[in-house]
Amino acid sequence: MYEIIDGRKVAGELREKIKKEVLMLDSKPGLAVILIGNNPASQIYVNLKTKMCKEVGINSYKYELDKDTSQEQLLELIDKLNHDNNINGILVQLPLPKQISQNKIVETVLPKKDVDGFHPVNQGKLLLNEQGLQACTPRGTMKLLKYYNIDLVGKDVVVIGRSVIVGKPVAQMLTNENATVTICHSKTRDLKSHTLKADIIVSAVGKKNLVTADMVKEGVVVVDVGMIRDGDRLCGDVDFENVKEKCSFITPVPGGVGPMTIACLLENTLAAYKMQRGEKFGS
Ligand code: GUN
């Protein structure tokens, strides 16, 4: 029998904890969320992020910019927010329009306000296993594994996908927790030969039915980070209905990692607020 990893429940508990902590502060943390253009998925995510901020008592400031916004204009806005003491965290929703360099933007947000954990300084800290702001989706994935007491030490973990947002950082976090990690990607020759050996699979590609029942071994833990719109439904990378029967634990889509991403963003905003007031990180 498999157990469903309930991301909604775990995220709800985390938000409650954040809400209580925010209530004790003498001012409210502030998060700036920047959306460029009119990508419908990005619009949904950004609205959800600002709604959840409100729920836990974080002030959110939404900046909606035209799709033709120049890199210069965006850099100017980030510079202004970097210097604004009411803003503790800055999030620029990805993907960005073609005229804007993602790396340039990510490098301009001050590391201490980088609640996405994408800045080279924060990515470097993750590599060094030092405390720093960490990317939200990978962090949410790790929290789910921990919540369900899934042991990582010495386990064979296959991460599918090598994005800067999920694949690479989650592989590093798993390595830091002493798992043996294989990163597979679009050029991997025989994906199935890897996944069949895995104790844990984390799939972060965005391709429907990428992971099927014949590709996994009995008792596997499956974390599905994929998010694909399928008609009016949302689905992940994993053929859930068939794969679940072979699993010990599996995340659904929706209701798995998704809610954890936003809860971790709120947690990072609170951590950034505290850090900027001289409190020790993670306290
Ligand atoms: N687009 C998809 N996921 C993310 C995320 O975690 N942060 C940002 N800024 N953009 C995204």
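Read-outs: derived from the displayed coordinates by stated rules, not from any lab. A quick note: this is a predicted structure, and the numbers were derived from the prediction, not measured. We place every Cβ from the backbone using ideal geometry, glycine too, and count neighbours over all the protein chains shown.
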* Would you mind counting up the charge near residue 151? Only other residues with Cβ under 14 Å from its Cβ, with Lys and Arg at +1 and Asp and Glu at -1. => -1
* To do: Calculate the spin-label point distance for residue 102 paired with residue 208, positioning each point 7 Å from the Cα along the beta-carbon direction, and give it in nanometres.
  => 2.4 nm
* **For the stretch 2-105: relative contact order, % (alpha-carbon pairs under 8 angstrom, 6 or more apart)** => 34 percent
* Picking from 204, 41, 272, which is most flexible by a Gaussian network model of the chain using Cα springs under 10 Å? -> 41
* Which FRET efficiency value, to the nearest 0.05, do you get for residue 19 and residue 73 by plugging their Cβ-Cβ distance into 1/(1 + (r/R0)^6) with R0 = 41 Å? -> 0.75
* the stretch 269-276 - phi-based ³J(HN,Hα) in whole Hz, Karplus 6.51/-1.76/1.60, Gly and Pro as x -> 5, 5, 5, 5, 4, 5, 4, 6
* **Global form of the stretch 217-270, assessed from the alpha-carbon gyration tensor, a/c cut-off 1.5** => oblate
* To do: Spit out the partnerless Cys residues in the chain, using Cβ distances under 4.7 Å as the pairing rule.
  => 53, 184, 235, 247
* **Simple spin-label estimate for residue 150 and residue 2 in nanometres, 7 Å along Cα-Cβ** => 1.1 nm
* Go ahead and set up a Gaussian network model of the chain, Cα springs under 10 Å, then flag whichever of 100, 18, 90 fluctuates most. => 100
* Fewest Cβ neighbours within 10 Å first, please rank 26, 199, 66 accordingly. => 26, 66, 199
* To do: Evaluate the relative contact order of the chain (contact order divided by residue number), counting alpha-carbon pairs under 8 angstrom at least 6 apart; express in whole percent.
  => 22 percent
* Cross-link pairs beyond the 28 Å C-alpha cut-off, checked among 9/98; 155/244; 49/217; 125/146; 28/67; 49/207 -> 9/98; 49/217; 28/67
* Structure fact -> Under 5 Å from the placed amide H of residue 220, counting only residues 5+ away or on other chains, we find 248
* **Loop-exposed GluC sites (Glu not before Pro) per DSSP, neighbour cap 13 Cβ within 10 angstrom, longest uninterrupted part of the chain** => 1-129
* Asked: What list of ³J(HN,Hα) couplings, whole Hz, do you get for the stretch 207-223 from phi and the Karplus terms 6.51, -1.76, 1.60, once you set θ to phi - 60° and write x for glycine and proline?
  -> 9, 4, 6, 5, 10, 10, 4, 5, 9, 10, 8, 4, x, 5, 9, 10, 10
* To do: Mind checking the stretch 47-147 for trypsin sites (Lys or Arg not before Pro) that DSSP puts in a loop (not H, G, I, E or B) and that have at most 15 other Cβ atoms within 10 Å?
  => 67, 98
* **For the stretch 158-250, the spread of Cα positions along each principal axis, largest first, Å** => 38, 29, 25
